[in-house]
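Student: Please see the structure below; I have some questions.
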Amino acid sequence: MDYPLDHIGIVVEDLAKSIPFYTGSYGLEVTCREIIEERGIELVFLGLGNTDLELIAPLRPDSTVSKFLAERGPGLHHLCYKVADIRAEMKRLTGLGFELVDPTPRPGARGSEIAFFHPKTTDGVLTELLQYT
Ligand code: CO
């Protein structure tokens, strides 16, 4: 089965510190920067070749990563797989016992729709599905 990794999500405290870390140490390049207002986060993508790193920084205290950051500090957050039909895949995996964070896809970065599954039902890894629209 073809299940390509779209990106690896990493929560950071401060993009002004983390971007130079990744560009300076590994020579990665920023390919996209986008604010997701309704989730209170800013995303920065760095190209890795066949996949990307997605740095996720909170813009306000009620952002979707603020709790994670307060409880666990910065670090690995999720894996995101690219699928052709996100609704069909959400239905199939839900049928296997996976638990969705939201019942319907929501808008993601770079012209996509995304959905997350709770890590307690995905072998301990917060898992995102993404379909480019
Ligand atoms: Co992501």
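The values are calculated or read from the model by the stated rules, or taken from the named source; none is laboratory data. Since this is a predicted model, take the numbers as computed values, not measurements. Cβ atoms come from the backbone with ideal geometry, glycine included; neighbour counts cover every protein chain shown. To get the accessible areas, we keep the full protein, side chains included, count just its heavy atoms, and leave off ligands, DNA and RNA. Shrake-Rupley method; radii C 1.70, N 1.55, O 1.52, S 1.80 Å.
Student: Tell me, what does the Kirkwood hydrodynamic radius of region 1-55 come to in angstroms if you use every pair of distinct C-alpha atoms?
Tutor: Values: mean 1/r = 0.0839 Å⁻¹.
Every distinct Cα pair counted, the radius reaches 11.9 Å.
Student: Using +1 at the Cβ of each Lys and Arg and -1 at the Cβ of each Asp and Glu in region 1-104, identify which of Val30, Val12, Met90 lies farthest towards the dipole's positive end.
Tutor: Met90
Student: Given charges of +1 on the Cβ of Lys and Arg and -1 on the Cβ of Asp and Glu, with all other atoms neutral, how large is the dipole of the chain about its Cα centre, in debye to the nearest 20?
Tutor: Working: 13 positive and 20 negative charges, 31 e Å.
Once rounded to the nearest 20, the dipole reads 140 debye.
Student: About the Cα centre of region 35-103, how large is the charge dipole given +1 on each Lys and Arg Cβ and -1 on each Asp and Glu Cβ? Please answer in debye to the nearest 20. If you can, show how the numbers build up before the last one.
Tutor: Details: 8 positive and 11 negative charges, 37 e Å.
Dipole magnitude for region 35-103 comes out near 180 debye.
Student: Here's another thing I want to ask about it. Give the calculated FRET efficiency between Glu29 and Val101 to the nearest 0.05, with a Förster radius of 41 Å applied to their Cβ-Cβ distance. Present the calculation step by step, with values, prior to reporting the outcome.
Tutor: On the way: r = 31 Å, r/R0 = 0.74.
Using R0 = 41 Å, I get an efficiency of 0.85.
Student: Going Cα to Cα from Lys120, which lysines come in below 24 Å? Please leave out same-chain ones fewer than 8 positions away.
Tutor: Lys67, Lys82, Lys91
Student: For the chain, what percent of Cα pairs sit more than 23 Å apart?
Tutor: Working: 2772 of 8778 pairs.
That fraction is 32 percent.
Student: Still on this structure, I have one more. Convert each backbone phi in region 7-17 into a coupling constant with the Karplus relation 6.51 cos²θ - 1.76 cosθ + 1.60 (shift: θ = phi - 60°), then list the ³J(HN,Hα) values in order as whole Hz, x for Gly and Pro.
Tutor: Taking θ as phi minus 60°, the curve returns 7, 10, x, 10, 7, 10, 7, 8, 4, 5, 8 Hz for region 7-17.
Student: Can you pull the one-decimal nm distance between simple spin-label points at Ala70 and Arg110, each 7 Å off the Cα toward Cβ?
Tutor: Each label point lies 7 Å from its Cα, and together they span 3.1 nm.
Student: If you wrap region 54-98's Cα atoms in a convex hull and average its projection over all directions, what's the area in nm²?
Tutor: Details: hull surface 18.3 nm².
Computed as one quarter of the Cα hull surface, the answer is 4.6 nm².
Student: For labels at His118 and Leu5 in the simple 7 Å Cα→Cβ model, what's the distance in nm?
Tutor: Distance between label points: 2.6 nm.
Student: May I pose another question? Once ligands and nucleic acids are excluded and a 1.4 Å probe is used, how much of Arg60 is accessible, expressed in Å² to the nearest 10?
Tutor: Counting only protein heavy atoms, Arg60 exposes about 80 Å² to solvent.
Student: Now for a different question. Among Phe45, Leu55, Gly124, whose Cα projects farthest towards the positive end of the dipole of the chain, with charges put on the beta-carbon of Lys, Arg (+1) and Asp, Glu (-1)?
Tutor: My answer, from the dipole projection, is Gly124.
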